[in-house]
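Peer 1: Take a look at this one; I'll ask things after.
The values are calculated or read from the model by the stated rules, or taken from the named source; none is laboratory data. Everything numeric in this text was worked out from a predicted model, so none of it was measured. With ideal geometry, Cβ positions are generated from the backbone for all residues, glycine too; neighbour counts draw on all protein chains shown.
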Amino acid sequence: MVEYHQWNWSWIWNLTGGTPPWRVTLFETIGYTFGGIVFTFIAYYLRARFTWFLINPIGIALPAVWGMSHGMFWTWAFLIKLIVLRAGGARAFERYYIPFAVGFAMGTGVLYFFASIIVLFTRVLPLLM
């Protein structure tokens, strides 16, 4: 088991008081799985039915999978999107926000790509030789 205090996120250790139990019962797993499926379908239905429902289930799922260190970026993106839509309307959203968001996402992807290449040659391959 990996304990949280050995990770880069030492604040998680303070929140949980230690490593969570490594065994989860089958009923808990099934409950969480079906609860997530039901919530996702409800959120997609509300998003398709009501135009004012701005929450996208993908925007909820990604921070849950990647952790809140990445989730805060999604939260800020949602708030900025809301402000741009309210202040400038759809035209400002398409003209300014979408190119900025796509450029930011592409830049982050390129950064992660080159960082993974550097890690491959400096940490992974030397261990294999």
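Peer 1: Looking at (1) part of a helix (DSSP H, G or I); (2) loosely packed, with under 11 Cβ neighbours inside 10 Å; (3) more than 20 Å from the chain's Cα centre (by Cα), find the lone condition where residue 38 falls short.
Peer 2: Looking at each condition in turn, residue 38 falls short on (3).
Peer 1: To continue, here is another question. Report, ordered by the first and then the second residue, all pairs with beta carbons closer than 7 Å, sequence separation of six or more or different chains, a first member in the range 70-99 that is over 22 Å from residue 60 (Cα atoms), and a second member that is in a helix (DSSP H, G or I) and at pLDDT 90 or above.
Peer 2: Every condition considered, the pairs that remain are 92/84; 96/84.
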